[in-house]
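Read the structure below first, then the notes.
The values are calculated or read from the model by the stated rules, or taken from the named source; none is laboratory data. Computed from a predicted structure; not experimentally measured. A quick note on method: Cβ atoms are made from the backbone with ideal geometry, for glycine too, and the neighbour counts reach across all protein chains shown. Heads up: the accessible areas ignore ligands, DNA and RNA and are worked out on the full protein's heavy atoms, side chains in. Shrake-Rupley method; radii C 1.70, N 1.55, O 1.52, S 1.80 Å.
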Amino acid sequence: MTKSQKQVSGLKFWLSKAWVQWSLAVAFFFLVSWFFMGTAITHCSTTSTALGSDSTGGLAWVQWAAGNDLTWGHTDKSNYPFGETLGKPQFITSTVFIIFYKLFSTLTTPICGLNLMVLLGYMSTALTMYGLVRWLLKRNDIALLAGFAAAYVPFHQLKAQSHINYIYGSTFIATIWAYLWFMSRPSYKKALLLGAVSSIGFYFDGYFILISAIVIGSLLTSSFVFDLGKLLFVRGGRREIFNQALQRAKYLVISVLLLGLLLTPILITYAKNGEAIEQSLATVRSSIRGETELYGARPIEFVLPSYNSAFVPNNYLSWRSTKLHGSNFSESTLYMSYTVIVLALVATGCLAYRKSRASKLQNMPYPGLVFTLVFAFAACFALSLPYLVTILGHEIRTPVAALVKFTSNWRVLSRLFLAMHPLVVIMASLGLYMITKNQSKYWKLGIVGLCGLVLFMEYLPAPLHSNGDLYKNTPPIYKQLQRDKNTKLVAEYPLADFSYTPEIFTFQPVHNKTLVNASDGSISKGPFDASIAGLNDPQTLGALRKLNVDVIITHGFSSDNAGLTTYYPATLNRGADGKINKAASTYAYRINASVPSRQSLLVIEKGYDYLSVDTKQLSHRIITEKAVMRAENISSTRPLAPKYNISFSANSICQSNASLIITQAGQTLWTGSVSTNPTAIYLSIDAGDVSVKTAICAVDITKLSAELAT
C-alpha cells in the first residue's frame with residue numbers, strides 16, 4: 001500500500017467515527033450560521049440581527065432594565081412614577097428560552113445574549129434534524145442537507161430579525177424524533193423520553209403550547225389511525241394488529257401521564273393568575289375570529305419565495321404582497337422551497353411501488369412512516385388556515401372554527417409553519433434517499449450536492465444579513481438625549497400604542513433616561529396611561545408637567561399644540577419623490593412654562609372596550625354598557641380631595657341617540673341622551689367611583705378632565 005493510499009485509508013477510518021461526523025456537522029452548521037448572521041457574531045455586543053424589533057425592545061430591554069442579572073424584578077426606568085414589574089406570570093411558558101437567554105446575557109451583554117440565542121436556534125435546529133435523518137437513514141450527506149433545509153429556511157432568517165423564539169424548529173424536530181424512536185421499538189423507557197421531550201415546547205413560548213399540542217396529538221393518533229386503515233382494508237393478521245395497537249397504547253399512556261405531570265406548574269400558574277394574563281393578552285388583540293382570518297396561512301405562501309430572495313425580479317415584492325395574509329413579512333414568508341416540496345412528493349409517490357412499500361427504516365414500515373408524517377402535517381395545516389376559506393365561491397369553515405370556541409389565546413396560526421416545515425423536510429429526506437439508495441457513491445454525492453446547491457440559492461437573501469448597530473444606528477434624537485445631562489424624564493407618543501414600542505425601548509439603554517411609557521400592554525392601556533393617551537387631550541400636558549417630564553417625543557406625527565416648543569430638529573423620513581413621510585418621522589418637544597401643572601386626572605377605571613387616538617391626537621374610549629370613572633390625584637402622596645369638577649364629551653356611535661345615566665353613590669348626577677355630535681358634560685363629584693351607564697347604543701367618551709374643586 002502506497003503512502004497516499006494509507007492516508008486515504010486513515011481518513012476513511014477517522015470519518016467513519018460518529019464523534020468525528022458530529023464534530024464536522026457542528027463546524028459546518030456554525031460556519032453556515034456565521035454566513036447568515038455576519039457581524040452579529042463578530043461584533044456580538046453592539047450589532048444585532050433584530051435591532052429595533054420586539055427582541056431588542058422587549059427581551060433585551062427587560063434584561064437591561066433588570067441590571068443584566070439572572071433575576072427580573074421591579075424597575076423604575078419605565079412607567080414613571082410607578083415603575084413596573086419585569087417578571088410576568090405568563091413568562092412561565094417561556095422558561096426554557098428565558099433561562100438560556102439570561103445566562104448568555106449575564107456572561108456577555110443583553111444584545112450579545114440575543115445573538116447567541118439566534119446562533120443557538122440555527123445550530124440546534126440544524127443539528128437536531130441532522131441527527132434525526134442520520135439515525136433514520138444512516139446517510140450523513142442527506143442528513144447535512146436536511147439540517148440545512150430545516151434551519152436556514154427564510155422564515156427562520158426573518159424571525160432572526162424580530163421574534164427570535166421562532167427560529168427554534170428544533171423543539172418540534174426533537175418531539176418528532178422521540179416519537180419515531182419510540183415507534184421503532186416501543187418500550188416504557190422510550191415512552192418516558194417522549195413525554196419529557198414533548199414538554200419542552202410548553203416551556204419555550206406561548207405559541208409553542210398550541211403547536212406542541214397539535215404535533216403531539218397528531219403523532220400519537222397517527223399510528224392508531226393507520227392501524228384502523230389496515231384493519232379495514234388488509235386481510236388477515238387483524239388480531240396481531242389489534243394486540244400491537246393495545247400494547248403501544250399502554251406505553252403511550254405513560255407518555256401522556258408524564259407530560260401532564262410536567263405541565264402542572266403551568267396549570268397552577270394559570271389557575272392563580274389567569275385573569276391577569278388574559279387582561280395582558282387582551283390589550284394587543286381584538287376579535288379572535290377576525291384575527292384568525294387575518295393571520296391564517298394561505299396555501300400559496302408555501303410556494304412564494306421570500307420578498308428578499310436574491311433571485312426575484314424587482315416587481316416581485318409588489319405582486320407578492322397581494323397574495324399574502326394580513327401580517328408582516330416574517331409571519332407570511334412560509335416558503336418551503338421547491339426542492340424540499342418536490343422531494344417530499346417523490347417520497348409520497350414511492351408508495352405506488354411494491355418494493356418501496358415493503359421496505360423498512362429503523363424497523364418502521366415505509367408506508368407507516370410516510371403516513372405518520374403526512375398525518376401530522378395535515379393536522380398542522382388544517383389548524384393554520386383562516387376561520388373561513390372560499391372555495392369556488394363557497395365559504396367553508398375550517399377546523400379553526402372549532403378551535404376558537406375553546407380558546408382565544410392564539411391568533412397568528414400561520415406560525416404552525418414551525419412544525420409543518422420540519423415534517424416536509426423529513427419527507428424530502430425520504431424522497432432523496434429513495435432516489436439515491438441504489439446509486440453509486442459518486443452519484444449519491446452528486447445528486448445530494450446538486451439538491452444542496454439549488455436549495456442554497458432558494459434560501460439566499462439579498463442583502464445577505466440585515467444587521468444594525470445599537471450605537472451607530474441610534475436615531476439622532478436618542479443621541480441628543482444621551483448628550484443632554486439635564487434631561488431626566490421622557491414621554492414618547494403614541495403612549496398607549498405598540499406601533500413604536502420596539503424602537504422606544506430598544507434605544508433607552510443608549511440615552512438611559514426614565515420613561516413615562518410602560519413596556520407592559522396592560523399598563524399602557526390601563527386607567528392612568530389611557531387618561532393621557534392623546535397628546536392634545538385636555539389633561540395631558542398639565543399631567544406631564546406635573547410629572548416633571550423634560551422631553552416629549554412623537555413618532556409618526558408632528559404636534560401643533562401651542563403648549564409645546566421644538567426641543568430638537570425633527571428626524572424626517574422622505575420618500576423617493578422627496579415628500580415627507582410623517583408616519584416614519586420623529587419629532588421632539590419641550591413643554592412650555594406657560595402650561596400649568598395639573599393636580600388631578602379623570603380616569604376610566606374599567607368598562608371601556610376600546611381605546612384609540614384620532615388624527616387630532618384626542619383619545620377615545622367606547623362604552624357599551626357600564627363603565628366606572630373616578631378623579632385621581634397625580635401625586636401618590638397627596639390625599640384624595642373631597643370634591644372635584646370633571647368634564648368630558650360623549651357621543652353615540654350609532655345613527656340613533658344613546659341613553660346615558662351618570663350616578664355616584666346611588667345619586668343621579670346626569671341623565672339624558674347623546675347624538676352622534678359630541679355633548680359636553682360638566683359635573684361636580686365626590687372622591688370615589690362614578691358609574692356611567694349607556695343604553696340603545698354604545699357611547700364614545702373623550703376630552704376627559706378633572707380639577708380640584710375650590
Item to complete: Find the helices (runs of 4 or more DSSP H) located wholly in segment 452-512 whose residues include 2 or more that are open to solvent by 50 Å² or more (accessible area, probe 1.4 Å) and farther than 30 Å from LEU618 by Cβ, and list them.
Response: 476-483
Worksheet item: Which ones in segment 304-314 are among the polar types (S, T, N, Q) and open to solvent by 30 Å² or more (accessible area, probe 1.4 Å)?
Response: ASN314
Item to complete: Pairs only if they're at least six apart or on different chains, beta carbon under 9 angstrom, first in segment 83-109 and in contact (Cβ under 8 Å) with a residue 12 or more places away in the chain, second exposed (fewer than 15 other Cβ atoms within 10 Å of the Cβ) and of a type in the set (Lys, Arg); list them, first residue then second.
Response: PRO89/LYS272
Item to complete: Write out, first by first residue and then by second, each pair whose Cβ atoms fall under 8 Å of each other, whose residues are 6+ apart or on separate chains, and whose first residue, in segment 60-76, is on the phi > 0 side of the Ramachandran plot while the second is open to solvent by 30 Å² or more (accessible area, probe 1.4 Å).
Response: ASN68/THR106; ASN68/THR109
Item to complete: Considering each residue of segment 315-335, count those that are in a helix (DSSP H, G or I) and surrounded by 11 or more Cβ atoms within 10 Å (Cβ to Cβ), and give that number.
Response: 9
Discussion item. All but one of (1) loosely packed, with under 15 Cβ neighbours inside 10 Å; (2) touching a residue at least 24 places away in the same chain (Cβ under 8 Å) hold for ILE391; state the number of the condition that does not hold.
Written reply: (2)
Practice prompt. Answer yes or no as to whether VAL674 is open to solvent by 20 Å² or more (accessible area, probe 1.4 Å) and hydrophobic (A, V, I, L, M, F, W, C).
Written response: no
Item to complete: Grab the helices (runs of 4 or more DSSP H) fully contained in segment 514-580, keeping just those with 1 or more residues being under 25 Å from LEU86 (Cα atoms) and among the aromatic types (Phe, Trp, Tyr).
Response: 527-531
Item to complete: Quickly run through segment 148-197 and pick out the residues that are under 23 Å from TYR122 (Cα atoms), in contact (Cβ under 8 Å) with a residue 60 or more places away in the chain, small (Gly, Ala, Ser) and open to solvent by 10 Å² or more (accessible area, probe 1.4 Å).
Response: SER162, ALA196
Worksheet, complete the sentence: Subset of segment 581-601, residues in contact with a Lys or Arg (Cβ under 8 Å, 6 or more places away or on another chain) and either within 22 Å of ALA562 (Cβ to Cβ) or acidic (Asp, Glu) (or both), comes to ILE591, VAL595, PRO596, SER597, ARG598, GLN599
Item to complete: Tell me which residues, restricted to segment 654-669, are crowded, with 16+ Cβ neighbours inside 10 Å and of a type in the set (A, V, I, L, M, F, W, C).
Response: ALA658, LEU660, ILE662, LEU669
Fill in: Exclusive hit being among the aromatic types (Phe, Trp, Tyr) and more than 12 Å from VAL153 (Cα to Cα), set PHE302, PHE311
PHE311
Worksheet item: Considering SER649, SER705, which residue is open to solvent by less than 20 Å² (accessible area, probe 1.4 Å) and either in contact with a Lys or Arg (Cβ under 6 Å, 6 or more places away or on another chain) or among the aromatic types (Phe, Trp, Tyr) (or both)?
Response: SER649
Discussion item. Within segment 623-630, does at least one residue satisfy the condition of being out of contact with any Asp or Glu (no Cβ under 6 Å at 6 or more places or on another chain) and farther than 21 Å from ALA650 by Cβ?
Written reply: no
Item to complete: Output the strands (runs of 3 or more DSSP E) that fall wholly within segment 661-708 and possess 3 or more residues being within 39 Å of the chain's Cα centre (by Cα), or say none.
Response: 690-695, 699-708
Practice prompt. Show the residue pairs that are 6+ apart or on different chains and have beta-carbon atoms under 6 Å apart, the first residue being within segment 46-59 and of a type in the set (A, V, I, L, M), the second being at pLDDT below 95 and in a strand (DSSP E or B).
Written response: LEU51/GLY468
Worksheet item: Is it fair to say SER53 is in a loop (DSSP other than H, G, I, E, B), modelled with pLDDT under 95 and either open to solvent by less than 20 Å² (accessible area, probe 1.4 Å) or out of contact with any strand residue (DSSP E or B) (no Cβ under 7 Å at 6 or more places or on another chain) (or both)?
Response: yes
Worksheet item: Condition test on GLY449, is it over 28 Å from the mean Cα position of the chain (by Cα), farther than 30 Å from THR46 by Cβ, buried (at least 18 other Cβ atoms within 10 Å of the Cβ) and of a type outside the set (Val, Ile, Thr)?
Response: no
